[in-house]
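Accompanying notes for the structure given below.
Quick note: the coordinates plus some simple rules give every number you see, no bench work behind them. Predicted, not measured: the structure shown is a model, and the values here were computed from it. We place every Cβ from the backbone using ideal geometry, glycine too, and count neighbours over all the protein chains shown.
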Amino acid sequence: MMSDIHKQQEIWCRDVPVVMLLVRIRLPVETVRDPEVVLGILKRTAGLDELDVAILLLLQENGRASYNEIAKELGVSVATVSKRVKSLEERGIVQGYAAILSCENLGFTESLWLMVHTSPGADVDAIGRTIAKQVGVKCVYAIYSDFDLLVHITCATPEEVASTIKAIGKIRDVVRVTKMSVSKRIKEEFKVIL
């Protein structure tokens, strides 16, 4: 007996090109976006078509996949995949390939978010660039809020956390650094959720 998912996939196979089928099947379950809406957004804003999106989904699933593997899965030539990936890289859509490491398993168990308040009129971007060079800093965001910068740090020890916060607090025009400790990670996703 065929499951509902397989029945739905069979229906899609009749009505949709294979590449679009792959896009529909690989869209994460947690998204509320309809695949047609996602494709519309990506076509309008980034000039992507169904094949580009399918390639991106496969690369997000396995950044080490060879062009041969991708081409086989999509039913296109290796040259087509190569040309498309090169274009996606040149346009800055694919910004690199990297292994995703576990901070916790490597011993960097102190994870905090810092809210950095700056003086009125301060050069927030320059302060952010200085903060980005500090030990343990993973992300720095200039934001519109009651504070000016949001900083994510991951450190190995409480002493390293204290040292980083102290260094940030000494930066010119930093008025106050407020910290929020992460007690439990519920979700951390490095993929673009389409």
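Below, the figures for the structure above:
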{"item": "From phi via Karplus (6.51, -1.76, 1.60), per-residue ³J(HN,Hα) for segment 41-54 in Hz, x at Gly/Pro", "result": "4, 5, 5, 5, 8, 10, x, 8, 10, 4, 5, 4, 5, 4"}
{"item": "Burial ranking of peptide ranges 64-75, 173-184 (average Cβ count within 10 Å, highest at the top)", "result": "64-75, 173-184"}
{"item": "Contact order relative to length of segment 100-194, as percent, for alpha carbon pairs under 8 angstrom and 6 or more apart", "result": "37 percent"}
{"item": "For segment 57-71, Karplus couplings with θ = phi - 60° (6.51, -1.76, 1.60), whole Hz, Gly/Pro x", "result": "4, 5, 5, 5, 6, 8, x, 9, 4, 7, 4, 4, 5, 5, 4"}
{"item": "Long-range HN-HN contacts of V175 with modeled amide H, under 5 Å", "result": "H117, T118, S119"}
{"item": "P(r) weight above 17 Å for segment 61-194, C-alpha pairs, percent", "result": "68 percent"}
